[in-house]
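J.: First, the structure itself, so that you have it in front of you.
Bear in mind that the values in this text are calculations on the coordinates, not laboratory data. Since the structure is predicted, the reported quantities are computational estimates derived from the model, not experimental observations. Note: ideal-geometry Cβ built from the backbone for every residue, glycine included; neighbour counts use all protein chains shown.
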Amino acid sequence: MNSLRGVLAVLLLVAALPAGAAIKVLATTPEWGALTTELGGDKVNVYIATSAFQDVHRIDAKPSLVARARSADLVVATGAELEIGWLPVLLQEAGNGKIQPGGPGYFEAASQLRLLEVPTSVDRSMGDIHPLGNPHAHLDPHNIAAVALGLTTKLATLDTANAAFYQQRGADFQTRWKAAITRWETQAAPLKGVGVVVIHRDQVYLCHWLGLQELAAIEPKPGVPPSAGYLAELVTKLSATPPKMILRNAYNDSKAADWLSARVHAPVVMLPYSVGGTPEAKDLFGLFDDTINRLLGAVK
Amino acid sequence: MPKIRSSLAVLLLALGATPCVTYAADDAAALRAELDALKQDYANRVGALEARINQLETAQSAVAVASTPPPPLPAAESAPGSGGARGGQSAFNPAISMILAGNYASLSADPSTYRIAGFLPSGGEVGPGERSFNLGESELTVAANVDPYFFANVTASVTADNEIAVEEAYFRTLALHDGFTVKGGRFFSGLGYLNEIHAHAWDFVDQPLIYQAFFGGQLAQDGLQVKWLAPTDTFMELGAEAGNGDRFPANHRDRNGLNGTTLFAHVGGDIGDSTSWRTGLSWNDSRSDDRGYEDVDAFGVPVENAFTGTARTWVVDALMKWSPNGDSTRRQLKLQGEYMRRTEDGQLAFDTTGTNLLGDYRNRQSGWYVQGVYLFQPRWRIGARYDSLDSGDARIGLVQSGALTRAAFPTLLSASPERFTIMLDWSPSEFSRLRGQYAWDESRLDERDRQFQLQYIYSIGAHGAHKF
């Protein structure tokens with residue numbers, strides 16, 4: 001049945017290949033998907049490979065994703081080896097020369113950024129660390145602005161006919177985004193210096209931006225789940241400097257955070273992490289509005 | 001030597017791999033293209049400049065924010081626009097990874113007498129392996145892009161007997177468009193589902209019985225593969241392969257033609273956010289000239305027999321993965337099954353080094369397995385597998401003509417081997433796995449084997465990406 005539908009789809013596609021169709025974009029994560037939509041409007045057709053409820057380190061290279069990579073004109077990825085476990089398979093299997101790394105249809109957000117936590121030495125005994133730096137960079141909105149600039153250029157060079165459209169839309173986004181950043185930074189002033197506990201080190205950029213003080217991580221090492229012994233140690237350690245809250249992403253397991261929460265008497269704050277992580281985080285603006293609202297709610 | 005066909009294939013390949021064939025069109029088009037290229041170049045440069053300015057701004061504002069409270073952050077930051085500071089010859093080092101594996105086995109039956117009842121022996125990797133502690137195959141993979149057009153990968157396995165075998169050594173195109181990929185060299189055939197999967201990524205210590213009986217473990221081709229992916233949202237892939245047929249169920253024939261021809265089609269997709277699936281149909285045509293195997297005659301005297309003819313195999317495969325919201329780190333159910341059916345048609349020679357009798361041979365054999373593996377909490381998985389084979393009822397000309405009795409071919413006595421396996425594994429990280437497995441194996445003619453195995457798999461070096 002499905003194959004029949006597939007054959008039909010081929011026929012339809014061949015019949016209806018218009019010249020100036022929207023560029024097909026495969027975005028690896030919801031934040032870059034949302035950004036591409038912001039910048040490209042109806043000139044882009046974005047498919048997002050993952051959701052805010054998935055751990056982007058651990059994604060299956062599903063057949064549906066290979067199929068999307070096959071017809072993509074542009075791949076928008078985080079880079080810095082965040083998607084190393086699955087994106088290479090999609091690019092290999094797709095039979096699509098346009099979207100290979102270094103090619104015209106490949107864009108990495110990390111290439112536009114100054115990453116934090118670049119390890120001076122790498123060894124897997126340190127856990128699942130990222131040799132090129134911490135790739136979870138989108139939770140600092142300044143980074144979104146930097147990526148938006150690069151992505152605008154990419155869209156304009158890929159789709160030259162609409163270059164002016166992308167430049168204009170990109171400039172408009174930068175204006176709105178800068179205004180929003182100012183608003184968020186004013187709202188978030190009470191968060192400066194507030195002590196928090198994180199799960200994985202994927203809130204680093206958020207903490208860095210807002211001046212939250214990261215007291216500890218529930219994962220003893222990146223990607224390594226905590227043992228009972230480590231958690232007990234953490235409780236002792238945190239009794240001296242009690243955190244105001246424990247941050248958890250939409251995709252994280254809540255068990256360890258809840259356990260710690262009961263013992264250090266700090267609430268667990270669930271953050272959307274990416275677009276779609278909470279009902280309020282409908283787009284990039286909503287993502288930061290909701291993140292800051294939730295943080296402020298826990299400080300009061 | 002008339003190698004016209006193969007040189008034609010190479011020529012076609014080279015043509016296909018050239019990424020931009022410029023058709024000699026009119027000059028206006030060429031000028032326009034040049035102008036466009038210039039425009040793009042400028043747009044690129046302006047974009048790069050803008051990005052740099054913005055990075056500087058970002059860096060400044062980040063410093064401003066950071067200056068108020070002292071957040072406990074390592075100071076290290078990467079330079080934007082670069083992938084870390086590396087240089088010299090080592091910058092072009094390929095990705096190198098090594099898999100270490102080994103096991104402890106406790107087997108109730110003598111592994112040296114293992115043979116799958118009712119099937120012509122493949123000479124491949126069949127059976128549960130040796131008793132006690134065993135060093136498994138250490139797999140060394142070296143891979144990199146050759147240039148903008150090709151990718152190359154070599155996987156060598158170092159065996160416990162101090163031998164090095166080339167498991168895979170292939171090139172693959174990078175720059176082809178419209179869903180085409182061409183692979184050449186030695187590679188695991190794309191037939192079925194498990195055939196392409198390397199041993200370290202199996203869900204059980206050993207291969208399903210059908211793979212052992214029909215392909216001697218895994219079918220590798222020394223040849224060429226062309227794959228085409230349909231431009232649809234539903235995954236649809238068609239593939240064709242041909243090689244020299246050096247491996248079971250074919251054998252080396254010293255001829256120029258193609259052998260081991262394989263065709264396959266795979267379809268796949270998602271059902272909601274939580275379920276994804278893939279299914280396929282494959283066909284393999286393998287020819288053999290005097291493919292020998294050892295047996296005993298009706299009196300128990302060792303003889304050498306040989307098969308000449310064709311073996312055509314159909315494979316149906318299906319795979320489904322389920323995990324809540326697609327988050328496979330906490331819970332995942334993986335169900336898979338494959339069915340194979342092979343028709344062997346040709347001639348069987350009895351006692352090739354002695355009496356050397358020749359007669360017709362025809363047999364239709366089939367088999368299947370189903371397995372389920374469940375990740376019930378992070379890092380822990382449990383699994384079960386059931387294997388079943390039907391050896392068919394071999395039509396042996398020498399027996400039908402009365403020249404020999406059925407007992408002269410003990411290996412080909414009808415049988416229905418089966419096996420049930422359970423396993424539990426624990427993966428402390430993405431790079432290590434420890435596994436326990438217990439199997440009730442009735443794949444021999446008259447002996448039941450109970451197999452207990454403990455296995456370790458470690459992966460060091462470059463982070464490999466796994467197929468679905």
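J.: Taking K and R as +1 and D and E as -1, what net charge do the other residues with C-beta under 12 Å from the C-beta of residue B:334 add up to? It would help to have the intermediate numbers written out before the result.
T.: Values: positive: B:278, B:321, B:331, B:381, B:385; negative: A:60, B:203.
Net of charged neighbours comes to +3.
J.: Taking every residue in A:184-193, how many Cβ atoms of other protein chains lie within 10 Å of its Cβ, on average?
T.: On the way: counts 0, 2, 0, 0, 0, 1, 0, 1, 4, 4.
Partner-chain Cβ atoms within 10 Å, mean over residues of A:184-193: 1.
J.: Related question: Mind jotting down the distance between the C-alpha centroids of segment B:351-381 and segment B:191-210, whole Å?
T.: Cα centroid to Cα centroid, the span is 12 Å.
J.: Across peptide A:44-57, what mean number of C-beta atoms from other chains lies inside 10 Å of a residue's C-beta?
T.: Numbers: counts 0, 0, 0, 1, 0, 1, 2, 4, 1, 5, 7, 5, 0, 3.
Going residue by residue through A:44-57 and averaging, the value is 2.
J.: To the nearest µm²/s, what D does Stokes-Einstein give for chain A at 37 °C and 0.692 mPa s, using the Kirkwood radius over alpha carbon pairs as Rh?
T.: On the way: Rh = 20.6 Å.
The diffusion coefficient I find is 160 µm²/s.
J.: Based on the Cα gyration tensor of the protein assembly as shown, what are the three equivalent ellipsoid semi-axes, each the root of five times an eigenvalue, rounded to whole Å and given largest first?
T.: Values: eigenvalues 562, 221, 86 Å².
Square roots of five times the eigenvalues give 53, 33, 21 Å.
J.: Now for a separate question. Just want the ordering: A:23, B:210, B:99, from fewest to most Cβ atoms lying within 10 Å of their own Cβ.
T.: On the way: A:23 18, B:210 26, B:99 23.
Ordered from fewest to most neighbouring Cβ atoms within 10 Å, A:23, B:210, B:99 come out as A:23, B:99, B:210.
J.: Can you pull the three principal axis extents for the Cα set of segment B:105-191, in Å, largest first?
T.: That gives 54, 30, 17 Å along the principal axes, largest extent first.
J.: Can you give the convex hull volume per residue for the Cα atoms of segment A:215-257, as a whole number of Å³?
T.: Working: hull volume 3.3 nm³, N = 43.
Value for segment A:215-257: 76 Å³ per residue.
J.: Using Cβ contacts closer than 10 Å as the measure, can you line up B:396, A:181 from fewest to most?
T.: Values: B:396 21, A:181 18.
The most exposed by this proxy come first: A:181, B:396.
J.: Something else: Using only the Cα atoms of segment B:311-445, what are the Rg and Dmax in Å?
T.: 21.4, 66
J.: Evaluate 2.2 N^0.38 Å with N set to the residue count of segment B:404-466, then give the Cα radius of gyration divided by it.
T.: On the way: Rg = 18.9 Å, N = 63, 2.2 N^0.38 = 10.6 Å.
Cα Rg divided by the expected 2.2 N^0.38 Å: 1.78.
J.: Provide a whole-number value for the mean count of partner chain Cβ atoms within 10 Å of the Cβ atoms in peptide A:149-156.
T.: Values: counts 9, 8, 2, 3, 9, 3, 0, 6.
Average per residue, whole number: 5.
J.: Where does each of B:380, A:209 land when they are ranked from fewest to most other beta-carbon atoms within 10 angstrom?
T.: Working: B:380 12, A:209 24.
Placing the least packed residue first, the sequence is B:380, A:209.
J.: What angle, in degrees between 0 and 90 and rounded to the nearest 10, separates the Cα long axis of helix A:141-158 from the longest principal axis of the Cα atoms of chain A?
T.: The angle comes out at about 10 degrees.
J.: Among the listed pairs A:282/B:334; B:227/B:321; A:244/B:321; A:43/B:227, give every one whose C-alpha distance is greater than 28 Å. Could the numbers behind the result be given before it?
T.: On the way: A:282/B:334 32 Å; B:227/B:321 24 Å; A:244/B:321 40 Å; A:43/B:227 31 Å.
Over 28 Å apart, Cα to Cα: A:282/B:334; A:244/B:321; A:43/B:227.
J.: Can you work out the Karplus-derived ³J(HN,Hα) for every residue in segment B:351-359? Use 6.51 cos²θ - 1.76 cosθ + 1.60 with θ = phi - 60°, whole Hz, and x for glycine or proline.
T.: 6, 4, 9, x, 5, 6, 9, 10, x
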